[in-house]
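Working notes, structure below.
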Amino acid sequence: MEINKTTKCNSLKEAVSQVYGKDVAIEKKQTVHGGDANDAYKLFLSNGEALFLKVNTISNADFFRAEAEGIDAIRATHAIRVPQIHAIGTDNGYSFLLMEYIDRAGATVSFARRSVVRELYVG
């Protein structure tokens, strides 16, 4: 998805509805790592799906637009797998970036090593 197609929403509820429809709701959120300077959550939805949510202050909303643009630029290279961006927006005094949740539980050290070696030597 190109950034000009990324949905800008006025609430997290609106973002989830635009991705999955009005009948799907957030049932639970779990704090996770991976947000860097942001709070990060795995959202569990009523349809069984999961999403990754990054949250920051409303004054940092432009950072999420820039991050979405950067992720889309990386996707365009087809070099590595990156999450699909679903929406950016603001809600009750905070800004958010909503994206595909990629489960890293199956990643192994050997996979990580292969990725680093490929990046360093294949480049």
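Read-outs: derived from the displayed coordinates by stated rules, not from any lab. Since this is a predicted model, take the numbers as computed values, not measurements. Here the Cβ is made from the backbone with ideal geometry for all residues, glycine too, and neighbour counts use every protein chain on show.
Quick look at the values:
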| item | result |
| --- | --- |
| Integer Hz, Karplus 6.51/-1.76/1.60 couplings in order for region 78-84, x for Gly and Pro | 6, 7, 9, 7, 10, x, 6 |
| Extended-chain gain in nm, criterion 0.36 nm per residue less alpha-carbon gap, D103 and D39 | 21.3 nm |
| By average C-beta atoms within 10 angstrom, highest first, the peptides 42-50, 90-98 | 90-98, 42-50 |
| Packing rank of 17-23, 77-83, where each peptide gets the mean count of other beta carbons within 10 Å, highest leading | 17-23, 77-83 |
| Enclosed volume per residue, in Å³, of the convex hull spanned by Cα atoms of region 54-98 | 54 |
